[in-house]
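The values are calculated or read from the model by the stated rules, or taken from the named source; none is laboratory data. Computed from a predicted model, the values in this text were never measured in an experiment. Here Cβ is always computed from backbone atoms with ideal geometry, including for glycine, and neighbour counts include all displayed protein chains. In case anyone asks, the SASA skips ligands and DNA or RNA and just uses the protein heavy atoms, side chains included. Shrake-Rupley method; radii C 1.70, N 1.55, O 1.52, S 1.80 Å.
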Amino acid sequence: MRKIWVVLLVASMLMWTGCSGSPSREADSEGEGGKPRPGGTIRIALQSDGKTLDPHKATDAASMHLIENMYSRLMRYTEKYGEVEGELAEKVEVSKDGKTYTFTLRKGVRFHGTGRELTSEDVKYSIERIIDLGVRKDHFSAVDEIETPDSHTVVFRLKQPMAPFLTYLAYPMNAIVDRETVENHDGSLDRADAGSGPFQLDEWKKDQYLRLKKFPGYYLPEKPYLDEVVFRPIPDETARMTALRNREVDMILDVSAKEARMLEQVSSVEVVSVPGTFWEYIGLNTKRPPLDDVKVRQAIAHAVDREAINKIAKLNRATVLKGGNIPPNHWAHADFTLYPRRNVAKAKQLLEEAGKENLELTLKVGSDFPYQVDAAQIVKQQLKEVGIDVKVSAQESGLFFDALGKGDFDMAIVGWLGFVDPDEFTYNLFHTGAPWNQQGYSNEQVDALLEKGRTVGDQEERKKIYHRAQKIIAEEAPMVFLYVNERTAAMSKAVKGFDVHPTVTTHSLEETWLAR
Amino acid sequence: MLAKYLLKRLALSVPVLFGISVLVFLLVRLVPGDTVTVMLGAQYNEEQAQMLREKYGLDRPVHIQYALWVSNLMRGDFGHSTFTGQPVLAAILERLPVTLELTAISVLFALAVGIPLGIRAAVRRNRWVDYLATLFGLSGISIPGFWLGTLLILLFSLKWGWFPSGGYVPIWEDPLGNLQTMAMPGIALGTAVAAVVMRITRSSMLEVLDQEYIKMARIKGAPERIVVRRHALRNALIPVVTVLGIQVGYLLGGSVVIEQIFSLPGVGQLVLQAITNRDYALLQGSILFIAVSFVVINLLVDLLYTLIHPRIRY
């Protein structure tokens, strides 16, 4: 946590002296080919169209891409994964007990629609709207009261200390919205723009394109460089890759391992990969026999060949998780190896010790995620060799998530994306009775560690806490961690200054320019 | 007579549509998972879900929800999409031109290819034209549209660069650009219909050409061209029109796959999204709309018979 304060301080000092954005990104864009050139339109292909433009309602990546650059938040992610800095917040003060956060807001920030200045009232209104709409209520469960002593000061009083609080505020969809615009649209932002971000909504033709145009009143002078950003949903893989190769679009924001391999052969295209946040696992329902027996779960964890699945389902582009679930590029990554390689003998021995043989289990998987269906088929083969007969059941998303939410599964392959704070990687998934603890996992020691982890401010201490928690969890195997994926974008070589971020954020579009 | 027939048909369609509305409403809800499950995805938890269900009125008994929906329908209100907040009718009407155009292009393509080929095949039975046509008929039906679509993109867009890989330009904005974007999907979709039309035309022609009055026409010395076109074709077209009517009905429901491949914002894509999102109002509205189109097209086809075959009267 200490480190976050330092970043914050540096960032706010830079803003005070009139310097904008993060210095490293600036240097990046210059280094890539000279001085940023203003103007132009970037066309970005997405796999699907967004469902809504309401930041407080959106949960899918496509909607987030469309929405993100229309809005500003109190905080934002820095280029370094896991850290945040002030966006609308010029200064943040945290009380000693960690229960009071005082934000001083940047002055002169204006909303797109009404042209009104953003004030502390808007911040209070926005956070209350998030809580009220329910989708991400959970991020602010610790908030007791929000006060607005003056137009540019917001005070959050928390019921208990909440270490990931600033990270939650940086979540791209926890946007500050214009109360007047919301009210003008009868409370719905599904098709409206109530933001103060670098780009404003120009036109959304559902399933055709969404066009954003530069907001001339943006608070950072000279930003953004681009005149327009056009998002085009192209669901078909071949059509999408053809569009990039034919220069009908300039970028595909998120490419699969297969697409990346093909696009790397194209000379006009640059494929950029960074270690990502999308991690996948096999969830084991600890409430159902025989998976309520820790030895059976461990046997499965030993019997699964993560490298082989990575090779076939991910073309070897993912990083195998042999220990905990927090990825290696994160400060809270725990450096231990529990499942170095597949160990059939050990798996068989564990099953024998548990006295379980000829097991029959169902493995559920979402059919909208073909790579997870592939992985499921490989897991089936691998478990067969230790005497577990797996039936793979691929279900349509709605069905699949319904079964998952209700705990109606033996095993399930699932993935999570976009986590930043270690609390997100652990608390809601492994704490007893936590909302997304679909595995029904419960361990008092883990519960205590995770509770402590969210209240402790010091990063080093938190690192130790999450190290221990991850170790216990990996050993007891309510999930068999598989791998964490790369985040890969493919773009035309004319695109400069775009930062492919481990999370789904596209915030760097405000720094992006076109060299053509 | 015709007016009476029309009234009877329209009156009959009322119970049909009522039945469809009940079926649609119930089927949509029988599938596990609802709007809220999709909205929350993997972040689903019971407490939050319950809160959202109350918000969207999904916690009410099904018959009450149905009564509400129907009473709103009576007033012309199809409801709003849960995700985009757009009125359902507006969403359908916005996409209808795309689907109508796609349907028109594929039907035109099907007729232009299917009928002449079917006639030639029938007239030159067991000759090479016939074999070629039969081969086309067989492959046209068996080649899946998505494969043909992908092949067309790879060939005409990536290799030769004649057409854009997808997307949609309204015809009133840029007629040429519109044709460029619609040609490939039209062909991809129309090929299967062309194959069906060809086969029906061929078999129907063969049957008609074998009848006494055709022999009579030939004996009377009518040229073969006139025999085929004037005497045989008109009678042979009735089954073709019937089949085409059914095909158009399907096409209006939107070819989900073709629209998906060519990123066309048509009705099919709308329905697909409504299903995956469990967007109840949108799904019910669009399926009801498609059902009504089916009923109307069937009626039109029945009326069309009287034009083709004067002996048919209602």
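Numbers below:
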quantity: Solvent-accessible surface (1.4 angstrom probe) belonging to A:D202, in square angstrom, nearest 10; calculated: 60 Å²
quantity: Calculated over chain A: convex hull of Cα atoms, volume per residue (Å³); calculated: 138 Å³
quantity: Spacing of the two label points (7 Å from each Cα toward its C-beta) at A:E352 and A:D144, in nm; calculated: 5.8 nm
quantity: Amide H contacts of A:I44 (H built 1.01 Å from N, under 5 Å, at least 5 apart or other chain); calculated: A:V230, A:F231, A:R232, A:D250
quantity: Residue among A:L514, A:V271, A:A448 farthest towards the positive dipole end of chain A, charges placed on Cβ; calculated: A:V271
quantity: For A:237-249, mean number of other protein chain Cβ atoms within 10 Å; calculated: 5
quantity: Greater than 31 Å apart at Cα, pairs in A:K107/A:K159; A:K124/A:K214; A:K80/A:K206; A:K99/A:K364; calculated: A:K80/A:K206; A:K99/A:K364
quantity: Dipole magnitude of segment A:45-100 about its Cα centre (Cβ charges: Lys, Arg +1; Asp, Glu -1), debye to nearest 20; calculated: 160 debye
quantity: With DNA, RNA and ligands ignored, accessible area of B:V14 (1.4 Å probe; Å², nearest 10); calculated: 90 Å²
quantity: Length released on extending from B:S203 to B:R230, taking residue separation times 0.36 nm less the Cα-Cα span; calculated: 8.0 nm
quantity: A/B buried area, accessible surface, summed, 1.4 Å probe, Å²; calculated: 3700 Å²
quantity: At R0 = 60 Å, FRET efficiency that the Cβ-Cβ distance of B:L158 and B:I219 yields, to 0.05; calculated: 0.55
quantity: Between helix A:120-133 and chain A: long-axis angle, C-alpha atoms, 0 to 90°, nearest 10; calculated: 30 degrees
quantity: Prolate/oblate/rounded label for segment B:95-308 (Cα gyration tensor, a/c 1.5); calculated: prolate
quantity: Accessible area per residue in Å² at 1.4 Å probe, computed on segment A:276-487; calculated: 38 Å²
quantity: Per residue accessible area of chain B, 1.4 Å probe, in Å²; calculated: 50 Å²
quantity: Crossing angle, helix B:234-252 versus chain B [Cα axis fit, 0-90 degrees, rounded to tens]; calculated: 20 degrees
quantity: Whole-percent carbon and sulfur share, accessible surface of segment A:276-487, 1.4 Å; calculated: 46 percent
quantity: Within segment B:183-251, GluC sites (Glu not before Pro) in DSSP loop having at most 13 other beta-carbon neighbours inside 10 Å; calculated: none
quantity: Charge dipole (debye, nearest 20) of segment B:1-152; +1 at Cβ of Lys and Arg, -1 at Cβ of Asp and Glu; calculated: 980 debye
quantity: Length added when fully stretched, B:H63-B:I171, from 0.36 nm per residue minus Cα-Cα; calculated: 34.6 nm
quantity: Average beta-carbon neighbours from other chains, 10 Å sphere, peptide B:47-55; calculated: 3
quantity: Mean ellipticity per residue at 222 nm, deg cm²/dmol - from DSSP H runs of n ≥ 4 across chain A, formula -39500 (n - 2.57); calculated: -9500 deg cm²/dmol
quantity: Fraction of beta bridges assigned by DSSP in the protein assembly as shown that are antiparallel (%, nearest 5); calculated: 75 percent
quantity: Test item: A:399-407 mean partner chain Cβ contacts at 10 Å; calculated: 6
quantity: Dipole in debye (nearest 20) - chain A, about Cα centre, beta carbon charges: Lys, Arg +1; Asp, Glu -1; calculated: 980 debye
quantity: Those residues of segment A:207-232 for which accessible area with every protein chain present is at least 20 Å² below the isolated value (1.4 Å probe); calculated: A:D207, A:Q208, A:R232
quantity: Heavy atoms of B:W160 accessible to a 1.4 Å probe, total area in Å² rounded to 10; calculated: 120 Å²
quantity: Most positive-pole-ward Cα, B:W172, B:P239, B:A192, against dipole of the protein assembly as shown from beta carbon charges; calculated: B:P239
quantity: Karplus-derived HN-Hα couplings along segment A:395-406 (A = 6.51, B = -1.76, C = 1.60, θ = phi - 60°), whole Hz, x at Gly and Pro; calculated: 10, 4, 3, x, 4, 4, 5, 5, 4, 5, x, 8
quantity: All aspartates and glutamates inside 12 Å of A:K137 as judged from Cα atoms, apart from same-chain residues fewer than 8 positions distant; calculated: A:E128, B:E47
quantity: Residues in segment B:67-90 occluded by at least 40 Å² - accessible area, probe radius 1.4 Å, against chain by itself; calculated: B:F83, B:T84
